[in-house]
Amino acid sequence: MNSTASLTAEKRKHAHPIVFMFLMLPFGITSGYATVTLAYLFKQIGVKMEDIAILGIAATVLGIVKFLWAPLVDGFLTLKKWALFSGLFTAVGMFAMGVLPIKESSLIPLVGIILVGNIGVSFLGTAVGGLAAHDVPEELKGRASGYYNAGNLGGMGLGGGAGLWLAEQTHSNMIAAGILAIVCALCSFGLFFIHEKPSTIQHTEVGKTLKHLFSDIWGTLGTRMGILALVLCFLPLGTGALQNLWAGAAASWNASSTTVEFVTGIFAGLITAGGCLLGGWICDRVDRKMAYIAFGLMQALCAVAMAYFPHTENMFIIWTSLYAFALGLSYAAFSAFVFEVIGRGAAGTKYTVYASLSNLPIVYMTAIEGFVFDSKGKNEIFHGAKGMLNIEALFAIVGIIIFLALLRYARVPKTIAN
């Protein structure tokens, strides 16, 4: 076999990046159901936005610390087995969210259910992230990131929009959650198309496995690029925190339940997925760090425009849709940069370290924006719906300034994927 034929055969062993979109759908579906469907249903019975924001926080808070148990995925069993087990556990958690009735007393136990269900979600993200890092060539890492995030964010639209539609049509939270749980379970069939290679980390002795694992992690985190990516995780840039609050804030634009279903549900999922795919394609051609900055700025400008344009239902549709598209671009750029940094080895754990820490600004921005929305004052700039949007943009601009300053200080060379 000549060298050209060998290269062709090698390329055929890689999974198509689209597979990772289906594997990540359950990750997004459960989050979308909690932050859109349940948020809207609780808002309808008069629960305050500040309390509803707890659902969004519960849906993401474990993501901040999931790096603590991520080494289990790289150190034991195979990534495909972890993806299968966690995918099925996620489906069970999805169904459990529909068991309790929609009333204020259900809010706290529901938060507990979301937290437990997210244990499965956290392992799923680690396993699929590791599979993507190992099974996709470097020149396709941007597109793999695009599909990976299209599954996550598109799944949020499916879980939120389809979940709300199902809940209203069937008049049953349990039926809606049950149908989405079946969808989550079926997504595991994507594992048949993954070609997992033997682990370079695992050893017959647990001690040596852990030594290899943590040595590889530290070797990545200690580089200039690794440190820069770590800083990026903490900045309030491209977080998409407003996605957790659109359903509860819709009344400020006189948006109906049908509109909420439309622009925060399946339609938003498709737009966001489109942004992910385009963002991933762009990131295979330009510097991925600067792409993330540019996309985060687009999201901030979207928030400002929404704040000062008329608060009508049509404007709600336009600006939330543009925000969703910018969110897709931002998430794809962030993951593409992280995939570039982590290489292979204990890729699942390394990706999870960055991905989990990046949830912190989502949590604190959701809490801050929810508080600002409920706050009252004579100056609308930092109160109510307009204040919520202005705060989002202000924090993003601060994040951009900090990152550009660090980038110049670190003098990390630009990287352009070939």
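The values are calculated or read from the model by the stated rules, or taken from the named source; none is laboratory data. Keep in mind it's a predicted model, so treat the numbers as computed, not measured. FYI the Cβ positions are ideal-geometry reconstructions off the backbone, even for glycines, and counts take in every protein chain you see.
Candidates in region 91-111 are the residues that are without any contact (Cβ under 8 Å) to a residue 12 or more places away in the chain and of a type outside the set (Val, Ile, Thr); of these, the one that is surrounded by the fewest Cβ atoms within 10 Å (Cβ to Cβ) is Ser105. Against the numbered list (1) farther than 22 Å from Ala53 by Cβ; (2) at pLDDT below 85; (3) touching a helix residue (DSSP H, G or I) at 6+ places or on another chain (Cβ under 7 Å), Phe89 comes up short only at (2).
Just to be sure, is Leu270 in a helix (DSSP H, G or I), under 24 Å from Ala393 (Cβ atoms) and not hydroxyl-bearing (Ser, Thr, Tyr)? Taking the combined requirement at face value, the residue does not satisfy it. Would it be correct to say that Lys141 is surrounded by 24 or more Cβ atoms within 10 Å (Cβ to Cβ) and charged (D, E, K, R)? Considered against the rule, which asks whether it is surrounded by 24 or more Cβ atoms within 10 Å (Cβ to Cβ) and charged (D, E, K, R), Lys141 comes out as yes. Taking region 291-336 as the range and being under 15 Å from Ala385 (Cβ atoms) and among the polar types (S, T, N, Q) as the test, the residues that pass are Thr312, Thr320. If you go through region 108-159 and keep only what is at pLDDT below 80 and more than 14 Å from the chain's Cα centre (by Cα), you end up with Ala133, His134, Asp135, Val136, Pro137, Glu138, Glu139, Leu140, Lys141.
Filtered by the rule that a residue be part of a helix (DSSP H, G or I) and free of Cβ contacts under 8 Å to residues at least 60 places away in the same chain, region 291-311 gives Ala291, Ala294, Phe295, Met298, Cys302, Ala305.
If you take the residues in region 244-262 that are part of a helix (DSSP H, G or I) and either charged (D, E, K, R) or modelled with pLDDT of 80 or more (or both), which one is nearest to Ile317 (Cα to Cα)? The qualifying residue nearest to Ile317 (Cα to Cα) is Thr259.
Pull up region 356-385, narrow it to residues that are among the small types (Gly, Ala, Ser) and at pLDDT below 80, then point me to the one that is nearest to Tyr331 (Cα to Cα). By that ranking, first place goes to Ser356. When Asn173 is tested against (1) of a type outside the set (Lys, Arg); (2) buried (at least 22 other Cβ atoms within 10 Å of the Cβ); (3) out of contact with any Pro (no Cβ under 8 Å at 6 or more places or on another chain), only condition (3) is not met.
Ala333 fulfils the conditions (1) in a helix (DSSP H, G or I); (2) surrounded by fewer than 24 Cβ atoms within 10 Å (Cβ to Cβ) except for a single criterion, (2). Only a single item in (1) in a helix (DSSP H, G or I); (2) touching a residue at least 24 places away in the same chain (Cβ under 8 Å) is not met by Trp319, and it is number (2). Restricting to region 56-81, count the residues that are part of a helix (DSSP H, G or I) and out of contact with any Asp or Glu (no Cβ under 9 Å at 6 or more places or on another chain). Matching residues across region 56-81 total 18. Which of the following residues is buried (at least 24 other Cβ atoms within 10 Å of the Cβ) and either closer than 17 Å to Pro71 by Cα or of a type in the set (Phe, Trp, Tyr) (or both): Gly348, Gly343, Gly370? On inspection, the qualifying residue turns out to be Gly348. For Ala39, the test of being in a helix (DSSP H, G or I), modelled with pLDDT under 85, buried (at least 20 other Cβ atoms within 10 Å of the Cβ) and out of contact with any Ser or Thr (no Cβ under 8 Å at 6 or more places or on another chain) is passed.
Just wondering, is there one or more residues in region 199-215 that are outside any helix (DSSP H, G or I), hydroxyl-bearing (Ser, Thr, Tyr) and buried (at least 17 other Cβ atoms within 10 Å of the Cβ)? Yes, region 199-215 contains at least one residue that is outside any helix (DSSP H, G or I), hydroxyl-bearing (Ser, Thr, Tyr) and buried (at least 17 other Cβ atoms within 10 Å of the Cβ).
Of the candidates Gly190, Gly178, Gly151, Gly163, the single residue that is touching a Ser or Thr at 6+ places or on another chain (Cβ under 7 Å), assigned to a helix (DSSP H, G or I) and in contact (Cβ under 8 Å) with a residue 12 or more places away in the chain is Gly163. For region 289-304, a residue qualifies if it is touching a Phe, Trp or Tyr at 6+ places or on another chain (Cβ under 6 Å) and of a type in the set (A, V, I, L, M), but none of them does. Within region 175-229, if we keep just the residues that are at pLDDT 75 or above and among the hydroxyl-bearing types (Ser, Thr, Tyr), the residue that is nearest to Gly28 (Cα to Cα) turns out to be Ser188. For Leu164, the test of being over 23 Å from Thr60 (Cβ atoms) and crowded, with 18+ Cβ neighbours inside 10 Å is failed. Looking only at residues in region 280-320 that are among the polar types (S, T, N, Q) and surrounded by fewer than 19 Cβ atoms within 10 Å (Cβ to Cβ), the one that is farthest from Lys141 (Cα to Cα) is Thr312.
The one condition from (1) in contact with a Phe, Trp or Tyr (Cβ under 8 Å, 6 or more places away or on another chain); (2) more than 30 Å from Leu38 (Cα to Cα) that Gly160 does not meet is (2).
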